[in-house]
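Read-outs: derived from the displayed coordinates by stated rules, not from any lab. None of these values were measured; they are calculated from a predicted model. Every residue, glycine as well, gets a Cβ built from its backbone with ideal geometry; the counts of neighbours run over all protein chains shown.
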Ligand SMILES: [Zn+2]
């Protein structure tokens, strides 16, 4: 009996290890340019194009050159939600100072029944994710009673810090709408590199509007989660980045700009 249990546990370990590190597939990793602390500090000049990002993922979130709106990507499309709340298909040559993508390959899929608000959704997902110490990509296709999003407007130099930009962020409220949420949950130890905890963007089913999610109430939804152990980051190499002070705990600033 003990031997059978032992073999079963070994088999589970093999399945998990094989899924996270499948040797016969392209590397399954989160791919990101720059860091959240650099974005907070006002580093809004694009360092990579979305065409380049496409080689590293078909799913993700981010922003655009000069902080020109919010990005949401899924089903191999990258959309731009500009400061007027409108969604556009973002051309591949658009640059971004900060984006996070991966090839979405969910291993957890389940139905969610509402009503669920944002904190309730996060608590529910806390009980579903494999571990709080992995990188989790999240997609939720949902009917919403309500969703509140925001976008950001294109900035000119000298760039203000992100906390100053989001003080005047345009906010959009939508009622009885269907759409897709895409984003990530990063562990607490990702602080400084990305946003610890949940960070989701929205695009409506009619592909007309969306943004960074501030609040929601789900009627019913389908949840899909894809965990990975791999995180690849490409840092800018310009002199201003190389000489900037990007350390320190900025969780108060992150709370301000994300929530
Ligand atoms: Zn966002």
Between 201, 77, 28, which gets the highest mean-square fluctuation from a Gaussian network model of the chain, Cα cutoff 10 Å? 77
I'd like to compare 101-108, 185-192: which one has the highest average count of other Cβ atoms within 10 Å, and what's the full order after that? 101-108, 185-192
For 235, 200, what ranking results if the residue with the fewest other Cβ atoms within 10 Å of its Cβ goes first? 235, 200
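Under the rule of -39500 (n - 2.57) per DSSP H run of 4 or more residues, summed and divided by the residues of the chain, what mean residue ellipticity at 222 nm is obtained, to the nearest 500 deg cm²/dmol? Intermediate results must be reported in sequence, preceding the final value.
Working: 7 runs with 55 residues, N = 259.
My calculation for the chain gives -5500 deg cm²/dmol from helical runs alone.
Can you tell me which of 204-215, 113-124 comes out highest on packing, and rank the rest after it, using the mean Cβ neighbours within 10 Å? Walk me through the intermediate numbers first.
Details: 204-215: 19.1, 113-124: 15.0.
Top of the packing list down: 204-215, 113-124.
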For region 17-136, what is the relative contact order in percent, using Cα pairs closer than 8 Å and at least 6 residues apart in sequence? 27 percent
State the Cα centre-to-centre distance between region 109-164 and region 44-87 in whole Å. 16 Å
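Show me the ranking of peptides 31-41, 218-228, 172-182 by mean Cβ neighbours inside 10 Å, starting with the highest. It would help to have the intermediate numbers written out before the result.
On the way: 31-41: 22.6, 218-228: 19.3, 172-182: 17.6.
Peptide ranking by packing, descending: 31-41, 218-228, 172-182.
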